[in-house]
1. Stretched out fully, how many nm does the piece from Val95 to Ile43 gain, at 0.36 nm a residue minus the Cα gap?
2. How do 66-75, 51-60 rank on mean C-beta neighbours within 10 Å, highest first?
3. Evaluate the relative contact order of region 29-98 (contact order divided by residue number), counting alpha-carbon pairs under 8 angstrom at least 6 apart; express in whole percent.
4. In angstroms, what radius of gyration and Dmax does region 29-98 have, counting Cα atoms only?
5. Suppose R0 equals 30 Å. What FRET efficiency, 1/(1 + (r/R0)^6) with r the Cβ-Cβ distance, do Ile35 and His83 give to the nearest 0.05?
6. Compute the length gained on full extension between Arg50 and Asp74: take 0.36 nm times their separation in residues and subtract their Cα-Cα distance, giving the result in nm to one decimal.
Amino acid sequence: MSEAGDPSALPAREQAPEQTEGRTHQEPAHPLRQIFDHANDAILLIDPERDRILEANTQASRMLGYDPTELTRDVRISNVHPHEMERLRQFAQDVKARGRGHRPLGRDG
């Protein structure tokens, strides 16, 4: 199994259907892959240290106006959120160090 920081932690997209004795067989996508691909929210899997978008779902592509291949090949995360890079880097460091990036808010926010 992949480590949480490993971009391969998200299961691969469905492969092209295989032809067997005149029939087409396609393995079903992993449930996490299906959730990622078909979510109503835009989801980006990013690497803030390298300023890269590793994966983007359909909604993220629609929202940003790029196809998923363009997002992962050509677009830097700093182009999408230039003023948030330091917070994204800190979040990534927290996840690596503590296994999570969420910081509970105190009573005053």
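Rule-based calculations on the coordinates, nothing more; no lab input. Nothing here was measured: the structure is a model prediction, and the numbers come from that model. With ideal geometry, Cβ positions are generated from the backbone for all residues, glycine too; neighbour counts draw on all protein chains shown.
1. Taking 0.36 nm per residue and subtracting the Cα distance, the gain is 17.0 nm.
2. In decreasing order of mean packing, 66-75, 51-60 become 51-60, 66-75.
3. Relative CO of region 29-98 lands at 25 percent.
4. Considering region 29-98 through its Cα atoms, Rg and Dmax are 12.6, 36 Å.
5. Using R0 = 30 Å, I get an efficiency of 0.55.
6. 7.3 nm
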